[in-house]
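One structure is given below, encoded as structure tokens.
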Amino acid sequence: MDRDDRVETLSEAECLRLLGTVPLGRVVYTEHALPAVLPVAFRVAADGRLVLALRTGTRVARALDGTVAAFQVDDFDRAGRCGWSVLVHGRAEVVRDAGRREALRSGGLRPWVPEPGPEYVAISPELVSGRRILPEPTQPAPVLPAPPALPGHRA
């Protein structure tokens, strides 16, 4: 099988479905005019936005607020060298509504380092793409010719 046959482009619907299957992703943003990447806990909200759980008081929420950010999730089988990756681009905004923040907190969305607080940032997906690397096809066992019969022996 050609190597390119193992790479499948995912539909937007499949990408959005896969987003909800993992609890941790990476947000990509700009900090001091340089790209920065941070692993964060997140959830896909009922309205389709990605809600990131960050530690309160960090620069990340300020750096994200009102900007376009990228968010990436994946899942891989190291032994099988296969898996998938989804990338989302969209506008990020700090969740300021107290009722919504409390609902997220009581729903269990917490940053991986829980103290202090959580602070939430929502990303509205605008561009969604993904790829799946399929497993290598299993090779059938080779068919070996029967060994030649030895003289004087019946097969």
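The values are calculated or read from the model by the stated rules, or taken from the named source; none is laboratory data. Because the structure is a prediction, the values reported are computed rather than measured. Quick reminder, even Gly has a Cβ in these numbers, built from the backbone with ideal geometry, and neighbours come from all protein chains shown. When the accessible area is computed, the model is the full protein with side chains, heavy atoms only, and any ligands, DNA or RNA have been set aside. Shrake-Rupley method; radii C 1.70, N 1.55, O 1.52, S 1.80 Å.
Some values worked out for this structure:
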| item | result |
| --- | --- |
| Full-stretch length increase - A103, E31 - with 0.36 nm per residue and alpha-carbon distance subtracted | 23.0 nm |
| Helix-only CD estimate at 222 nm, as mean residue ellipticity for the chain, using -39500 (n - 2.57) per DSSP H run (n ≥ 4) | -4000 deg cm²/dmol |
| In Å², nearest 10: area of V128 left accessible to a 1.4 Å probe | 30 Å² |
| Percent breakdown of C-alpha pair distances by 10 Å bin, ordered from the shortest bin, for the range 45-89 | 19, 40, 27, 13, 0 |
| Whole-Å semi-axes of the range 69-137's equivalent ellipsoid (Cα gyration tensor) | 31, 16, 9 |
| Length added when fully stretched, F76-L38, from 0.36 nm per residue minus Cα-Cα | 11.8 nm |
| The range 25-112 shape via C-alpha gyration tensor axes, a/c threshold 1.5 | oblate |
| Read-out P(r) over Cα pairs in 10 Å bins from 0, in percent, derived from the coordinates shown; its label in (i) 10, 32, 23, 14, 11, 7, 2, 0; (ii) 10, 33, 25, 13, 6, 4, 4, 4, 1, 0; (iii) 11, 39, 35, 13, 2, 0 | (ii) |
| Positive dipole terminus of the chain, leading residue within V121, Y29, G57 (C-beta point charges) | G57 |
| With all protein chains modelled, accessible area of V121 [1.4 Å, Å²] | 0 Å² |
| Rounded accessible area of R26 (nearest 10 Å², 1.4 Å probe) | 80 Å² |
